[in-house]
Amino acid sequence: NNDLQNDIFKTASQNILDWDTKIYNRWGQPVFASNAKNVEWDGTYKGEDVPAGVYDYFLEGVCNNHKQILKKGNITLIR
C-alpha cells in the first residue's frame with residue numbers, strides 16, 4: 001500500500017554460493033523468479049500488480065560450506 005512498511009518481500013544472504021528464489025500464485029503459476037542473492041519482490045508480475053492473496057515462496061541455496069538449504073513459506077499480499 002506504499003506506506004513504506006512491508007511493501008517489498010526481501011531476501012538477503014551471506015556466504016551463499018548459489019541462490020534461487022521462486023514465488024507462485026495459488027494455482028501454482030510462477031509470478032517471480034530470481035537467482036540474485038538479495039531479492040526484492042514488489043508484488044508485480046510483468047510490470048502489473050498481482051491480485052491480493054496468498055503466494056508461496058521457495059528459496060533454495062548452497063552455502064559456501066556446500067550445505068544445501070531450502071526455505072519455504074507464504075506471503076499474504078494485501079492491497
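The values are calculated or read from the model by the stated rules, or taken from the named source; none is laboratory data. Here the structure is a predicted model, which means the values were calculated and not measured. Here Cβ is always computed from backbone atoms with ideal geometry, including for glycine, and neighbour counts include all displayed protein chains. Accessible surface is based on the protein model in full, side chains and every heavy atom, while ligands, DNA and RNA are left aside. Shrake-Rupley method; radii C 1.70, N 1.55, O 1.52, S 1.80 Å.
So that you can scan it fast, the table gives a plain yes or no per residue for (1) over 14 Å from the mean Cα position of the chain (by Cα); (2) at pLDDT 95 or above:
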{"residue": "GLN14", "(1), (2)": "yes, no"}
{"residue": "LEU17", "(1), (2)": "yes, no"}
{"residue": "ASN25", "(1), (2)": "no, yes"}
{"residue": "VAL39", "(1), (2)": "no, no"}
{"residue": "ASP42", "(1), (2)": "no, no"}
{"residue": "TYR55", "(1), (2)": "no, yes"}
{"residue": "CYS63", "(1), (2)": "yes, no"}
{"residue": "GLY73", "(1), (2)": "no, yes"}
{"residue": "THR76", "(1), (2)": "no, no"}
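Looking only at region 35-79, count every residue that is in a loop (DSSP other than H, G, I, E, B), touching an Asp or Glu at 6+ places or on another chain (Cβ under 9 Å) and open to solvent by less than 60 Å² (accessible area, probe 1.4 Å) and tell me the total.
Going through region 35-79 one residue at a time, the tally reaches 1.
For region 13-34, give me the residue count where each residue is in contact with a Phe, Trp or Tyr (Cβ under 9 Å, 6 or more places away or on another chain) and either among the acidic types (Asp, Glu) or surrounded by 12 or more Cβ atoms within 10 Å (Cβ to Cβ) (or both).
Number of matching residues: 10.
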